[in-house]
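Worksheet for the structure shown next.
The values are calculated or read from the model by the stated rules, or taken from the named source; none is laboratory data. In this text, all values refer to a predicted model and were calculated from it rather than measured experimentally. So basically every Cβ, Gly included, is an ideal-geometry build from the backbone, and we count neighbours across all protein chains shown.
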Amino acid sequence: MTPAPASSHSPIRTTGVAEPRWRRRRPSDVRRCIALVLLACGALASGLLAACAKTPAPPETGGTPPTHLTTTTAPTTTTAAPTTSAPASLSPELQAQRATALAAPKPVKPTEATENTQQGAASSVAYFFTLYRHAFVTGDTTDLAAMSEEGCVFCRSTIDDATKLHKDGGWANPWTQKITNIEYITPGKGKEYCGIRLTVILEESTMINRRGELVENETEESELFMILRHYDGIWHIGEVSVK
């Protein structure tokens, strides 16, 4: 399945914050922060939610119409897809699926994702999640690691779990995902990080675990908050948390 480019349909909501007050928030009852991270590592939902919730929650905000982004099919330091071997029991159909997944091309980085602007930040977030998908489909985490800061728990978990899934001979098949309700939060006075609040919707998907078993995932919707900053010509993700 060939990825379709992300598209923007309305302005970004922008909120100025004089001096953000960060506070910790307990994990919500959302079943999963992002479905395939949990399936890849075989953890209980609360495990990753707890990790995500360690990040401070965003300040209260208001705003205007949101940005809506859609990608169809996918999104310190692993730098390449791990060497893997398919389980011997794979059927010809699954062997073909695996070959298709591993051959998926890298997502193309939008030019505006390098810009130190509000739209550049929003575009980088969309690109981050295409890399997230690409990591689970192919096992290649190089570009995801390049834009992830060392202290990003969610980023590290994604890289580790995608790498383990493929080392064990498993993979994820491409899925459709949508990013909506993007709200940009300006850095406080003297602060480096801006914030992005957003909703991520992962459509129904399938993956193959290390035993060669097909796992089906239902559509998942999560409200997330991300902090990021721009340096060395690109945006870097500082952390991802559940709202």
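Taking the listed residues Ala135, Ala104, Ala96, Ala121, the one that is modelled with pLDDT under 95 and hydrophobic (A, V, I, L, M, F, W, C) is Ala96, with no other qualifying. Checking each residue in the stretch 187-218 for being at pLDDT 95 or above and of a type in the set (S, T, N, Q) picks out only Thr199. Thr219 meets all of the listed conditions (1) surrounded by fewer than 22 Cβ atoms within 10 Å (Cβ to Cβ); (2) in contact with a Ser or Thr (Cβ under 7 Å, 6 or more places away or on another chain) but one, namely (2). Note on the stretch 187-243: enclosed strands (runs of 3 or more DSSP E) holding 2 or more residues that are within 17 Å of Tyr132 (Cα to Cα) and within 17 Å of the chain's Cα centre (by Cα) are 194-202, 205-208, 220-231, 234-242.
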